[in-house]
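Peer 1: Before anything else, here's the structure in question.
The values are calculated or read from the model by the stated rules, or taken from the named source; none is laboratory data. These numbers come from a predicted model, not from an experiment. No Cβ is skipped: glycine too gets one built from the backbone with ideal geometry, and neighbour counts run over all protein chains shown. To get the accessible areas, we keep the full protein, side chains included, count just its heavy atoms, and leave off ligands, DNA and RNA. Shrake-Rupley method; radii C 1.70, N 1.55, O 1.52, S 1.80 Å.
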Amino acid sequence: MNSSWLKELGFTEENWSLRKGSMEDLLAVSVVEKECFPPLEAATEDSFRERLKFYGNHFLLLYKGDRLISFVDGFCTKEENLTDLMYEDASLHDEEGSWQMIFGVNTIPSYRRKGIASKMLEEFIRIAKEEGREGLVLTCKKEKIPFYARLGFSLEGLSDSVHGNVEWYQMRLRF
């Protein structure tokens, strides 16, 4: 995985690492998720345990030393639309799936607005393309639509999701 973009963002320290997820990351991703999302929207530690078990290789993690700074995760499926059931049932992951779903884009508050999330997503997109996926799908809140549009995602409209009692919008990036 390419992390040369860290220097472009001004992070010159040598103790940065970019890698896929494993069960060893369970506590770290759970803590960062709680820092990034309100309780009704945040995935639980049990949920991450299942996600890491079924598709840890579809987590992209950025560490500074032993501190998780940012991560992106989601599974693959042949289904074209992201559903609430996908968040709840990690066993639905299909490694041969044509679509890479994005369930979370997390960067701890003290490292936000520095370009990290954009670069993490660019790397996640690059990996999905390299794996031969048709594209990526995510849902986001209305205020995040311009951010994802700058990365090439197209708005498809209001999602059927009722996760966390929030309005979600589905966006897609096709290759």
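Peer 1: Which of (1) closer than 18 Å to L173 by Cβ; (2) charged (D, E, K, R); (3) open to solvent by 40 Å² or more (accessible area, probe 1.4 Å); (4) not in a helix (DSSP H, G or I) is the odd one out, the single condition E95 does not satisfy?
Peer 2: Every condition holds for E95 apart from (1).
Peer 1: Checking N165 against (1) open to solvent by 70 Å² or more (accessible area, probe 1.4 Å); (2) within 24 Å of P39 (Cα to Cα); (3) touching a helix residue (DSSP H, G or I) at 6+ places or on another chain (Cβ under 8 Å); (4) not basic (K, R), which single condition isn't satisfied?
Peer 2: For N165, the exception is condition (3).
Peer 1: Could you check the range 134-156 and list, in sequence order, the residues that are at pLDDT 95 or above, open to solvent by 20 Å² or more (accessible area, probe 1.4 Å) and either hydrophobic (A, V, I, L, M, F, W, C) or not in a helix (DSSP H, G or I) (or both)?
Peer 2: If the condition is that a residue be at pLDDT 95 or above, open to solvent by 20 Å² or more (accessible area, probe 1.4 Å) and either hydrophobic (A, V, I, L, M, F, W, C) or not in a helix (DSSP H, G or I) (or both), then E134, I145, F147, A149, L151, G152, S154, L155, E156 are the ones that fit.
Results for (1) open to solvent by less than 40 Å² (accessible area, probe 1.4 Å); (2) farther than 20 Å from R112 by Cβ; (3) small (G, A, S); (4) in a loop (DSSP other than H, G, I, E, B), shown as yes or no for each residue.
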position: R19; (1), (2), (3), (4): no, yes, no, no
position: L27; (1), (2), (3), (4): no, yes, no, no
position: V31; (1), (2), (3), (4): no, no, no, no
position: L40; (1), (2), (3), (4): no, yes, no, yes
position: D46; (1), (2), (3), (4): no, yes, no, no
position: Y63; (1), (2), (3), (4): yes, no, no, no
position: I69; (1), (2), (3), (4): yes, no, no, no
position: E80; (1), (2), (3), (4): no, yes, no, yes
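Peer 1: How about the range 118-133: which of its residues are open to solvent by less than 40 Å² (accessible area, probe 1.4 Å) and more than 16 Å from W99 (Cβ to Cβ)? Talk me through it step by step, then tell me what you get.
Peer 2: First, pick out the residues of the range 118-133 that are open to solvent by less than 40 Å² (accessible area, probe 1.4 Å): 118, 120-121, 123-125, 127-128, 133.
Within the range 118-133, S118, M120, E123 meet the criteria.
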